[in-house]
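Each remark here refers to the structure printed beneath this line.
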Amino acid sequence: MTYLRLLKRLSGNKQVHNFGFLFSIQASNILISVVTIPLVVGAIGVEQLGLVDLSLSIVYTLNIIVSYGYNLSAPREVAINFADKEELSKIFSRVLLSKLVLAGGVGLLLVLATQNLGEFNRNSTILLFSAAVLLAEALFPHWLAQGLEKMHILSIGNLVSKVTYLGLIFWLVKSPEESFLVNFLLGISGVGANSLLLIYIVKYWGISFKRVSFHEIWVSLTDNFYLFLSSIVGYISINSGIIILSFFVTDYMLGAYSLADRVVRVLRIVPTIVIQAIYPRASRLYVTDKQEFNSFLRKSYILALIACLLVSLAAFLFSPIIVEVLAREHLTESIKVLKILAFVPFFASLNIANMILVLVSDNRKVLVKGTWVSFCVMVVICVGLSYRYGALGLASGLLLTELLIFTVQFYFNLLSIRTDTLHFYSLNKVFKRGTDNE
């Protein structure tokens with residue numbers, strides 16, 4: 001009966017629902033990617049696939065500019081003003097138009113780059129058509145649905161987009177000459193689905209478009225600058241490990257590490273999804289009831305730590321099976337790397353509470369400081385360990401970096417949002433006692 005009551009409570013918990021919908025979005029993205037790969041390779045060949053993937057990587061990097069930290073700041077604004085339709089409409093219009101302006105600017109730069117830079121010019125057609133992905137990102141109302149805790153609509157929209165993309169690939173891409181369509185169809189599918197989501201939001205959620213001045217857009221971009229810097233460093237931190245390793249190991253060892261790294265990148269999504277799931281309610285409680293906020297965040301934090309520990313232990317124990325399924329052979333080096341990297345999700349989950357405290361207090365400079373210091377430390381540690389111990393050294397360095405990220409962010413939180421940090425971790429009495437002894 002106890003387990004039945006627990007399951008019933010969890011099934012009615014909005015944060016659990018949000019986590020489930022967010023996880024389903026990521027899972028469907030991964031699944032469609034896996035299904036699409038053999039279709040694309042069979043149609044355009046391995047050489048063109050490399051150019052397609054290169055173009056998509058460039059566009060995904062440019063998407064950081066289009067999102068410009070709004071995925072961190074906008075959900076908080078929406079969550080706090082969820083009952084005020086007029087204010088919600090202003091936030092909705094301002095953020096949407098700001099992202100469209102950024103997408104237009106980045107798209108223009110991409111056109112100029114393909115015309116004037118030799119490296120880009122080599123696959124300029126594929127890269128230009130990939131720009132549709134920028135528009136899809138600008139129109140994606142993830143931040144609004146997250147703030148209102150209505151993630152189910154995004155799950156449906158994302159599934160429609162990906163299934164449409166898969167169907168268009170099967171229907172339209174038949175030869176290497178049509179390789180430029182691969183990323184274009186991904187972007188167009190997203191644009192179509194996201195446009196329908198926006199129409200649905202305006203029609204059924206009571207939110208409307210408002211006139212937004214250029215000055216309001218400029219102020220919004222200025223306010224989000226620190227979050228933008230933090231997003232850049234976060235992206236580089238996640239993707240720079242394999243680049244660092246490439247200077248010190250053979251192609252075979254790089255491939256062995258890459259296989260394990262791909263698995264862990266998927267698993268590391270779990271702490272990120274937890275933050276996205278609890279962020280809206282935490283934002284509201286922080287403004288209305290600090291005591292309830294601390295209670296809610298502690299419970300969520302403990303559950304997240306347990307869940308991520310179980311994920312890490314499962315990845316560690318089943319690492320030989322995971323590698324054999326993916327590689328279709330027993331790669332000892334990949335298994336060794338995965339056994340170390342398996343604990344990255346758990347170590348990353350340690351920083352969940354620190355991140356929520358920074359985000360709900362809207363202390364953006366603290367986040368930037370913590371992110372940049374952690375990045376610099378990560379580079380030094382990972383370069384040194386990669387040089388000395390190769391792939392195993394990098395894996396150990398990334399694991400150690402996650403622990404240092406928690407430590408660094410906790411330190412900066414103590415400096416800038418001391419009261420909130422001490423109250424959450426129940427350290428106020430300890431620090432007070434230490435001060436009294438002095």
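Side notes on the structure shown:
- Helices (runs of 4 or more DSSP H) within segment 277-394 that include 2 or more residues of a type in the set (S, T, N, Q) and either touching a Gly at 6+ places or on another chain (Cβ under 7 Å) or open to solvent by 10 Å² or more (accessible area, probe 1.4 Å) (or both): 290-317
- Cβ-Cβ distances below 6 Å connect the following pairs, each with a first residue in segment 402-415 that is in contact (Cβ under 8 Å) with a residue 24 or more places away in the chain, a second residue that is open to solvent by less than 40 Å² (accessible area, probe 1.4 Å) and not in a helix (DSSP H, G or I), and a separation of six or more residues or different chains: ILE405/ASN351; PHE406/LEU350; PHE406/ASN351; GLN409/ASN351.
- Here LEU54, LEU49 are screened, and the one residue that is modelled with pLDDT under 85, open to solvent by 50 Å² or more (accessible area, probe 1.4 Å) and either of a type outside the set (S, T, N, Q) or assigned to a helix (DSSP H, G or I) (or both) is LEU54.
- Check on GLN115, free of Cβ contacts under 8 Å to residues at least 24 places away in the same chain, polar (S, T, N, Q) and either assigned to a helix (DSSP H, G or I) or more than 20 Å from SER57 (Cα to Cα) (or both): yes
- Qualifying residues in segment 194-223 (those that are touching a residue at least 24 places away in the same chain (Cβ under 8 Å) and of a type in the set (Phe, Trp, Tyr)) - the one least open to solvent (accessible area, probe 1.4 Å): TRP205
Let's see how each residue does on (1) under 19 Å from ALA342 (Cβ atoms); (2) touching a residue at least 60 places away in the same chain (Cβ under 8 Å):
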position	(1), (2)
ILE243	no, no
VAL270	yes, yes
ARG284	no, yes
ASN294	no, yes
LEU305	yes, no
VAL311	yes, no
ALA314	yes, no
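- SER89 being modelled with pLDDT of 85 or more, under 22 Å from VAL212 (Cα atoms) and hydroxyl-bearing (Ser, Thr, Tyr): yes
The values are calculated or read from the model by the stated rules, or taken from the named source; none is laboratory data. Since this is a predicted model, take the numbers as computed values, not measurements. Backbone-built Cβ (ideal geometry, glycine too); neighbour counts: all protein chains shown. To get the accessible areas, we keep the full protein, side chains included, count just its heavy atoms, and leave off ligands, DNA and RNA. Shrake-Rupley method; radii C 1.70, N 1.55, O 1.52, S 1.80 Å.
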